[in-house]
Amino acid sequence: MAGIVEGKVAIVTGGGGAIGSAIARLLAKEGAKVVVNDVGGSVFGTDQNDLGPAQKTVADIKAAGGEAIANGDSVSSWESAQKIVQAARDTYGKIDLVVNNAGIIRMASFHKMMPKDWEDVINVHLHGSFYVARAAAPHMREQKSGAFVHMASTAGLVGTLGMANYAAAKIGICGLSRSIAIDMGHFGIRSNAIAPAAHSRMIDATPNQTPEMAARIERRQRVQKPEHIANLAVFLLSDAAKTINGQIFGARGPEIYLYNQPRPIRTLFRSGGWEPKVLAEQLPQMLKTSLTPLERTGDVFSWDVDE
Ligand SMILES: NC(=O)c1ccc[n+]([C@@H]2O[C@H](COP(=O)([O-])OP(=O)(O)OC[C@H]3O[C@@H](n4cnc5c(N)ncnc54)[C@H](O)[C@@H]3O)[C@@H](O)[C@H]2O)c1
């Protein structure tokens, strides 16, 4: 039986990591030819010069009878992103599917966050997603088909301590994804985002602030697998998802979520406008029950996933 992405050519950035490798392997199993892109290196974005993780994913794909090549160019510059897309075109003749998944973290309380930590994280996630998508876009436009999936995060959608750089990049990626969907939808090109939750070294690198958090991470290791994220990603990349564009999903173990996207929820009208003093008198009381609480991811996802 033909796979759900049979004959498609895909790029998975960060394809040597936990979620990227699962997506690349499932894409190949479902009939795609895959460029597994990964610079290797630490979760903090240092020592990025190891093709080993990408080659390991490629070896797994080939062992299962699939087609893939490894690519070690970084997503975080215009020139090297062009090379990633060129590798797909040189080897397989086209580019159909792009998964913007490469990522690093650098945690710091906001008042201690340094420009280097800000820039490096934004460069890989936000700039990298733009560079790779932008390198693929003209080819998709020409062939009038294509699909993107970008990895977002609840750090941006909800909030997490000490991750201003990462949260800003991830919420930016949602804007990028939606803009691609709006700009390119009428050429038959789709773009969706996933905020994943799966065990990986990235989760291990997040400091456990409490014993409860450590216990949750241990449970996550058992229940929340990268393969769960891959199932949703591969569906969204396939033509079976042709009616789904510009959306934000979540995936955590066997649970899948569809996120809302910001819309005005209340309107205050005052003929002649609102002076600050009038706002001070009226706004806090009028909007009191509608303000978004300053919850963090763990508050919103307060239940654990079943196996
Ligand atoms: N694991 C989770 O629960 C979770 C939660 C929210 C978001 N995410 C996002 O999912 C994606 C995958 O994360 P993961 O958990 O599998 O982490 P991971 O560390 O296992 O994988 C990330 C991969 O990206 C690669 N990479 C880093 N910089 C790169 C660059 N410049 N060019 C190419 N490759 C690069 C790394 O070498 C690594 O293999 C990331 O975007 C991450 O932010 C993960």
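General observations
- Distance distribution note for the range 87-131: the fraction of Cα pairs above 17 angstrom is 50%.
- Note on Tyr257: accessible area is roughly 40 Å² with a 1.4 Å probe, heavy atoms of protein only.
- Accessible carbon and sulfur surface of the chain relative to its total accessible area, %, 1.4 Å: 55
- Globularity ratio of the chain, using Cα Rg and 2.2 N^0.38 Å: 1.05
- Accessible area expressed per residue, the chain, with surrounding protein chains retained (probe 1.4 Å, Å²): 50
- Reciprocal mean inverse distance between Cα atoms of the range 39-186 - Kirkwood radius, Å: 16.3
- For the chain, the relative contact order is 16 percent, taking Cα pairs closer than 8 Å that sit 6 or more residues apart in sequence and dividing their mean separation by the residue count.
- Ordering of 133-144, 286-297 by packing [mean C-beta count within 10 Å, highest first]: 133-144, 286-297
- Counting heavy atoms of the protein chains alone, Val36 has an accessible area of about 0 Å² for a 1.4 Å probe.
- About the Cα centre, charge dipole magnitude for the range 9-258 (Lys/Arg +1, Asp/Glu -1 at Cβ), debye: 420
- Each eigenvalue of the Cα gyration tensor of the range 1-107, multiplied by 5 and square-rooted, gives one semi-axis; in descending order these are 22, 15, 11 Å.
- Gaussian network model of the chain, springs between alpha carbon atoms under 10 Å - residue of Arg252, Arg106, Arg216 with greatest fluctuation: Arg216
- Probe 1.4 Å - accessible area at Lys8, Å² to nearest ten: 40
- Percent RCO, i.e. relative contact order, over the range 67-149, from Cα pairs under 8 Å lying at least 6 residues apart: 43
- Theoretical ellipticity at 222 nm over the chain - DSSP helices of four or more residues, -39500 (n - 2.57) apiece, nearest 500: -13000 deg cm²/dmol
The values are calculated or read from the model by the stated rules, or taken from the named source; none is laboratory data. Remember, it's a predicted structure, so these values are computed and weren't measured experimentally. Methodologically, a virtual Cβ is constructed for each residue, glycine included, from the backbone with ideal geometry; neighbour enumeration extends over all protein chains shown. Accessible surface is based on the protein model in full, side chains and every heavy atom, while ligands, DNA and RNA are left aside. Shrake-Rupley method; radii C 1.70, N 1.55, O 1.52, S 1.80 Å.
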